Amino acid sequence: MKADPVDAPRILILASGAGTNVQALIDASKERDFPGKIVAVGCNRPNAFALERAAQANIEHFTVDHTRFGSREEFDGMLMAEIRRRNPDLILLAGFMRILTTDFVRALRGTLLNVHPSLLPKYTGLNTHQRALDAGDAEHGTSIHFVTEELDGGPVIAQAQVNVSKDDTAETLAEKVQAKEHLLYPIVMRWFCEGRIQLGTDYVMFDGQPLNQPLVLPDEPETSGA
Ligand code: GAR
């Protein structure tokens, strides 16, 4: 049953670019039994296609253009004001390519999640696909984690893996990883809305228990004609 819209957790998404993850989250939120509501999509770039995706889904969207601010603190201050106005219970970073200040992250502790394209703790920061290739990794993937003061270092909730083949390039690997993100992030969004995930002192609580290791998205079953 659809949650009462008045009580349903309010979700705000922040993005910077193409927004394929934004689209996956929007699509998942349209499911009849989805227990939350995406109230807005915010971007730091006025031409981000993620804004267009929100518009097409009739979701409120806004821009805080980082190039108009003299410092990270001023940008984060304005972004925080825009977030607060919409009173979200959950904020999802979905390809949001700005480093956030410690004050900003602390103020949203326990309600701020990020998708990062690597199997954390491997490859924090940028160029994760090329770095996995350069290291000769057989497996690569994506992680959904709580955002804390440490860049890409907050407790990991869930991961999904992909096999690296010898023909992979950074581009093909990114495609494979993003396909997994589009499955995994909506699942984690739902879990949060259902009250199943919380941030403990420095660990994830899942269904009331500390999580010893990230949950792993199982591989899709082989389709067989049988
Ligand atoms: C995603 O693959 C996400 O993991 C990555 O940016 C991509 C955005 O794609 N995020 C980061 O690298 C954060 N450090 P999208 O705009 O199509 O969702």
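All of (1) in contact with a Gly (Cβ under 8 Å, 6 or more places away or on another chain); (2) at pLDDT below 95; (3) among the aliphatic types (A, V, I, L, M) hold for Ile11 with one exception: (2). Select from the stretch 87-129 the residues that are closer than 20 Å to Met205 by Cβ, charged (D, E, K, R) and either in contact with a Lys or Arg (Cβ under 7 Å, 6 or more places away or on another chain) or within 14 Å of the ligand (Cβ to nearest atom) (or both) and list them in ascending order. The one that is closer than 20 Å to Met205 by Cβ, charged (D, E, K, R) and either in contact with a Lys or Arg (Cβ under 7 Å, 6 or more places away or on another chain) or within 14 Å of the ligand (Cβ to nearest atom) (or both): Asp89. With the condition kept exactly as written, say whether any residue in the stretch 52-70 is in contact with a Cys (Cβ under 8 Å, 6 or more places away or on another chain), within 24 Å of Cys193 (Cα to Cα) and among the β-branched types (Val, Ile, Thr). Checking the stretch 52-70: not a single residue is in contact with a Cys (Cβ under 8 Å, 6 or more places away or on another chain), within 24 Å of Cys193 (Cα to Cα) and among the β-branched types (Val, Ile, Thr). Within the bounds of the stretch 125-138, is there any residue that is more than 23 Å from Lys166 (Cα to Cα) and of a type in the set (Val, Ile, Thr)? Checking the stretch 125-138: not a single residue is more than 23 Å from Lys166 (Cα to Cα) and of a type in the set (Val, Ile, Thr).
Filtering the stretch 24-35 to residues that are under 21 Å from Gln178 (Cα atoms) and open to solvent by less than 50 Å² (accessible area, probe 1.4 Å) leaves Ala24, Leu25, Ile26, Ala28, Ser29. When Gly77 is tested against (1) touching a residue at least 40 places away in the same chain (Cβ under 8 Å); (2) over 20 Å from Pro214 (Cβ atoms), only condition (1) is not met. What strands (runs of 3 or more DSSP E), lying completely within the stretch 123-219, carry at least 1 residues that are within 28 Å of Asp7 (Cα to Cα), charged (D, E, K, R) and open to solvent by 30 Å² or more (accessible area, probe 1.4 Å)? By residue number, no strands (runs of 3 or more DSSP E) qualify.
The values are calculated or read from the model by the stated rules, or taken from the named source; none is laboratory data. Everything numeric in this text was worked out from a predicted model, so none of it was measured. We place every Cβ from the backbone using ideal geometry, glycine too, and count neighbours over all the protein chains shown. Note: areas computed on protein heavy atoms with side chains; ligands, DNA, RNA excluded. Shrake-Rupley method; radii C 1.70, N 1.55, O 1.52, S 1.80 Å.
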